[in-house]
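The next block holds one structure in the form of structure tokens; read it before the comments.
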Amino acid sequence: MKKFTSVTDIDNVEDWVRKALEIKKNPLVNNKIGANKTIGLLFFNPSLRTRMSTQKAAQNLGMNVMVMNLNTDGWKIELEDGTVMNQGSQEHIKEAAAVISQYCDVIGLRTFPSLKDREKDYADDVLNKFLSNISVPLISLESAILHPLQSFADVITITENKILKRPKVVLTWAPHPKALPQAVANSFLEWMRKTEVEVVIANPLGFNLAAEYTRNCKVYHKQEEAFENADFIYAKNWSSYDDYGAIGKNLDHWMVDEAKMSLTNNAKFMHCLPVRRNVVVSDAVLDSKASLVIEQANNRTYAVQMVLQKMLKNGQ
Amino acid sequence: MKKFTSVTDIDNVEDWVRKALEIKKNPLVNNKIGANKTIGLLFFNPSLRTRMSTQKAAQNLGMNVMVMNLNTDGWKIELEDGTVMNQGSQEHIKEAAAVISQYCDVIGLRTFPSLKDREKDYADDVLNKFLSNISVPLISLESAILHPLQSFADVITITENKILKRPKVVLTWAPHPKALPQAVANSFLEWMRKTEVEVVIANPLGFNLAAEYTRNCKVYHKQEEAFENADFIYAKNWSSYDDYGAIGKNLDHWMVDEAKMSLTNNAKFMHCLPVRRNVVVSDAVLDSKASLVIEQANNRTYAVQMVLQKMLKNGQ
Amino acid sequence: MKKFTSVTDIDNVEDWVRKALEIKKNPLVNNKIGANKTIGLLFFNPSLRTRMSTQKAAQNLGMNVMVMNLNTDGWKIELEDGTVMNQGSQEHIKEAAAVISQYCDVIGLRTFPSLKDREKDYADDVLNKFLSNISVPLISLESAILHPLQSFADVITITENKILKRPKVVLTWAPHPKALPQAVANSFLEWMRKTEVEVVIANPLGFNLAAEYTRNCKVYHKQEEAFENADFIYAKNWSSYDDYGAIGKNLDHWMVDEAKMSLTNNAKFMHCLPVRRNVVVSDAVLDSKASLVIEQANNRTYAVQMVLQKMLKNGQ
């Protein structure tokens, strides 16, 4: 397995979920297969769950871990080709990627979109330039447009908690004071499409996601309609794709609260975290038994451990 | 052992010191008991000795270590309950603590007081909110009001260096240009009370510590009087408890120097470090054979290793 | 081996290169000799290659690694003796060095020059104050005036790639928008003098290096003349030694490009990285087969692993 950057990199979601749940039962059973192997975790952006769960999973496999905050520990990275680098950036991504891959057996990379230039963001430049210049497998720890480890953990969590064979899953937009990426939402839809669920979307007018991720998905602009009969409510803010990077105004009523949850089929509540309490979701919902957010975070370990095992076992 | 946050969490100081000194003689004798266990070190504030000695101790036990600088590596943490999180903070401590404890077998946490709101600081909020939301043992790496690992190392150092069975120990306030916590001083008194010593305090008027930590302790406002016949001088600055967070003005003469040390019974000099030279203590005293500061730092490793061994052996 | 801070700390460059190349063939053969040993990597300045290659090498030997960014993770360090520390700095280098060396079996230290006070920089104060206050071996991860790990990796790379028994090596100054240290250049010359090569220097007027590093070396002020018949072109910017810290103006024509490379004997191109593309060297040269920069970075691992093996095997 050369890369894990999207659901399209794996063969069978159901099979992967089953194996990840086996890992969860006995996470140390393969604790020698990473001996003398090193994963380098490269962060252009903050991270808590991804950073810790990936370290944990790597250590469960006996791997060594090196963490780099690229913007502060190292040098400012230039992404453009052909630039005369006489300004702020100190090292080109070509060299950085090629060099780092010599010190690591697997690379994890986190990067965020600019939310200013849609075309460039959706080309997923940083990720793809790394992929072009490295000689070892790469795991996306969230890219400009996708967050596959989160989605994989989400599918694991839904599988563990579903009652119906084919539950109804609502991905609902929620308010947020800052412009956020569409990565978690895009990625969630990609993975839902390969999972036995009925997935629908609720978002305000002007906040439709890119067509490539929403095709065949019913999109509601009235949140309450979408919630009817739902088994899982997945809340997440994203900034506008159409009016690229714009945040929602006067949309506080899109917060998920108990009244809305009461419209559902006793739905479970999901969010990738970090979550802004009483903005995205009310305390009452988040602190209720319906909330799966802590378990979603727990499953991040087993999701990435599954990916690492594939990379270590299959060679490169 | 579920937590190590104060001397009140341990049964017998003398016994703990004896066992820590055994660890010091042979620190690798238990280097398998931490196998496949992970300690997560969480820093809201800077740290050198604590960071490195805790890593060292964990590695002596064969543990894995994950370090997070919470303010820069992760997300800005909200501490208050019920807040509408539409401002700067990005993740609530409830989620952060619950999530992190899923990735770790032991958590170490460092936090400092605001030195603005005494009531809130002395409620030790950050520490206690972590304790309420985690499922694994926690070690305080210094909280808003106590620094038990430092005090434990201090007791070890006094035990190693005392000549008299019951030495006289002076905790003396010393000058400092910035407002510092009372944690080291509070904690030192807590541990001294459970150690076979005579402890007295010297501090300027207006710099008495909280009564709960000083009860039964003689407090001198003339430093020279306190130093008479002392066997150990423990210097430390703290900002005012009464005029909360105020720093001392025109108190430069409280610096510990050779003239003052000559009033003692050939006392040893102690400080927790970092220390500002020629402000808190003169070069001559710090560079003399009487100074134990480097050994105090060394003993930090064995103090925390003792705590870790208790947590690993007794289960959780 | 107590320290690795300069070529003068090793006995025989040729022998060391030969052994490093053996390590490169089989880097895990000694993966037990570092068991239960800890290297502390201390950074006053950014680092990517040094940080990652040293971690990798230490892990190849089974060592534990602790990384500290001294300016941000810890306390602001005071370097001067006798200072009244009532300003910004919080901990004196005497304590910091003595304390840290108690937690580590080997220390790695990176520090940069001020480029303002030549006398102080060339006294290599930070490095030497660490050396005076530690009790374990120290590896320079680049000091104010030398970068021996880089130079050792450079000699390894030249040895692997040379065709002639005694190749001609050109160290050429190159443009850069910011004032950079002379460390890489000084150090390269020190190591070249102990290697079987003909080394010459090309730099603009006003950019001669310190005489102590250039003695017996021909210095050209016309870059093209130096390039004639060269087998290796080593490009590097440095700020002025004479007009200390001054950067070059109107010297963009010193960039290495294909036209200049065509004057050589099919020379290989070398640079220590990070490199500013189209300022120091053109894309065409850096992306050509003649470029060895990625392999130089790869050899950093084996260079530092050789040093570590010497320190671990010979005891301290």
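The values are calculated or read from the model by the stated rules, or taken from the named source; none is laboratory data. Nothing here was measured: the structure is a model prediction, and the numbers come from that model. Ideal geometry is used to build each Cβ from the backbone, glycine not excepted, and the neighbour counts take in all protein chains shown.
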Query raised in the report: Within region A:166-180, is even one residue exposed (fewer than 15 other Cβ atoms within 10 Å of the Cβ), touching a strand residue (DSSP E or B) at 6+ places or on another chain (Cβ under 8 Å) and assigned to a strand (DSSP E or B)?
Result: no
Requested in this report: Test each condition in (1) touching a strand residue (DSSP E or B) at 6+ places or on another chain (Cβ under 8 Å); (2) farther than 27 Å from residue C:187 by Cβ; (3) not aromatic (Phe, Trp, Tyr) for residue C:104 and report the one that comes out false.
Outcome: (2)
Query raised in the report: Taking region B:8-45 on its own, how many of its residues are more than 17 Å from residue B:299 (Cα to Cα) and surrounded by 20 or more Cβ atoms within 10 Å (Cβ to Cβ)?
Result: 7
Requested in this report: Check whether at least one residue in region B:97-108 is modelled with pLDDT under 95, touching a Pro at 6+ places or on another chain (Cβ under 7 Å) and either closer than 30 Å to residue B:302 by Cβ or assigned by TED's automatic domain parsing to the domain that holds residue B:187 (or both), and report yes or no.
Outcome: no
Report task. Can you tell me which residue among A:101, A:143 is closer than 30 Å to residue A:210 by Cα and polar (S, T, N, Q)? Result -> A:143
Report task. Kindly check whether there is at least one residue in region C:130-142 that is surrounded by fewer than 21 Cβ atoms within 10 Å (Cβ to Cβ), of a type outside the set (Val, Ile, Thr) and closer than 14 Å to residue C:77 by Cβ. Result -> yes
Query raised in the report: Does residue C:267 meet the test of being surrounded by fewer than 22 Cβ atoms within 10 Å (Cβ to Cβ), assigned by TED's automatic domain parsing to the domain that holds residue C:177, modelled with pLDDT of 95 or more and of a type in the set (Gly, Ala, Ser)?
Result: no
Requested in this report: Determine which member of the set A:50, A:54 is part of a helix (DSSP H, G or I), in contact with a Lys or Arg (Cβ under 7 Å, 6 or more places away or on another chain) and under 15 Å from residue B:103 (Cα atoms).
Outcome: A:50
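Residue-wise test of (1) over 26 Å from residue A:89 (Cα atoms); (2) crowded, with 21+ Cβ neighbours inside 10 Å; (3) within 17 Å of the chain's Cα centre (by Cα).
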{"site": "C:154", "(1), (2), (3)": "no, yes, yes"}
{"site": "C:183", "(1), (2), (3)": "no, yes, yes"}
{"site": "C:203", "(1), (2), (3)": "no, yes, no"}
{"site": "C:206", "(1), (2), (3)": "yes, no, no"}
{"site": "C:220", "(1), (2), (3)": "yes, no, no"}
Requested in this report: Filter region A:90-100 down to the residues that are at the interface with chain C (Cβ under 7 Å from one of its Cβ atoms) and among the β-branched types (Val, Ile, Thr), then identify the one that is farthest from residue A:139 (Cα to Cα).
Outcome: A:99
Requested in this report: For region B:211-220, indicate whether the set of residues that are within 14 Å of chain C (Cβ to nearest Cβ) and part of a strand (DSSP E or B) is non-empty.
Outcome: no
Query raised in the report: Can you tell me which residue in region C:237-252 is nearest to residue C:174 (Cα to Cα), limited to those that are within 14 Å of another protein chain (Cβ to nearest Cβ) and at pLDDT 95 or above?
Result: C:237
Query - Any chance residue B:234 is aromatic (Phe, Trp, Tyr), crowded, with 22+ Cβ neighbours inside 10 Å and either touching a residue at least 24 places away in the same chain (Cβ under 8 Å) or not assigned by TED's automatic domain parsing to the domain that holds residue B:17 (or both) - result: yes
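For (1) free of Cβ contacts under 8 Å to residues at least 60 places away in the same chain; (2) among the small types (Gly, Ala, Ser); (3) assigned to a helix (DSSP H, G or I), each residue gets a yes or a no:
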| position | (1), (2), (3) |
| --- | --- |
| C:11 | yes, no, no |
| C:29 | yes, no, no |
| C:32 | yes, no, no |
| C:40 | no, yes, no |
| C:45 | no, no, no |
Query raised in the report: For region B:289-300, does any single residue satisfy the condition of being within 12 Å of another protein chain (Cβ to nearest Cβ), surrounded by 24 or more Cβ atoms within 10 Å (Cβ to Cβ) and more than 26 Å from residue B:179 (Cβ to Cβ)?
Result: yes
Report summary line: Given (1) aliphatic (A, V, I, L, M); (2) buried (at least 19 other Cβ atoms within 10 Å of the Cβ); (3) in contact with a strand residue (DSSP E or B) (Cβ under 8 Å, 6 or more places away or on another chain); (4) not assigned by TED's automatic domain parsing to the domain that holds residue B:50, residue B:279 misses just (3)
Query raised in the report: Does region C:101-113 include one or more residues that are basic (Lys, Arg) and facing chain B (nearest Cβ under 10 Å)?
Result: no
Requested in this report: Among residues belonging to region A:62-75 that are over 19 Å from residue C:59 (Cβ atoms) and surrounded by fewer than 19 Cβ atoms within 10 Å (Cβ to Cβ), point out the one that is nearest to the other protein chains (Cβ to nearest Cβ).
Outcome: A:72
Requested in this report: Consider residue C:120 carefully, then state whether it is among the charged types (D, E, K, R) and facing chain B (nearest Cβ under 9 Å).
Outcome: no
Report task. Starting from region B:48-59, take each residue that is closer than 17 Å to residue B:294 by Cα and facing chain C (nearest Cβ under 9 Å) and list its partners that are basic (Lys, Arg) and in a helix (DSSP H, G or I), counting only C-beta distances under 6 angstrom and pairs at least six apart or across chains. Result -> B:49/B:300; B:53/B:300
Query raised in the report: Residue check, residue B:184 against (1) assigned by TED's automatic domain parsing to the domain that holds residue B:24; (2) within 27 Å of residue C:86 (Cβ to Cβ), all met but one. Which one?
Result: (1)
**Report entry** Subset of region A:76-89 (residues that are within 7 Å of chain C (Cβ to nearest Cβ) and surrounded by fewer than 20 Cβ atoms within 10 Å (Cβ to Cβ))
**Finding:** A:82, A:83, A:84, A:86
Query - Selection status of residue B:259, surrounded by fewer than 19 Cβ atoms within 10 Å (Cβ to Cβ), more than 14 Å from chain C (Cβ to nearest Cβ), at pLDDT 95 or above and part of a helix (DSSP H, G or I) - result: yes
Report task. Any residue in region A:160-183 that's without any contact (Cβ under 8 Å) to a residue 12 or more places away in the chain: show its pairings with residues that are among the polar types (S, T, N, Q) and assigned to a loop (DSSP other than H, G, I, E, B) at Cβ separation under 9 Å, as long as the two are six or more apart or on different chains. Result -> none
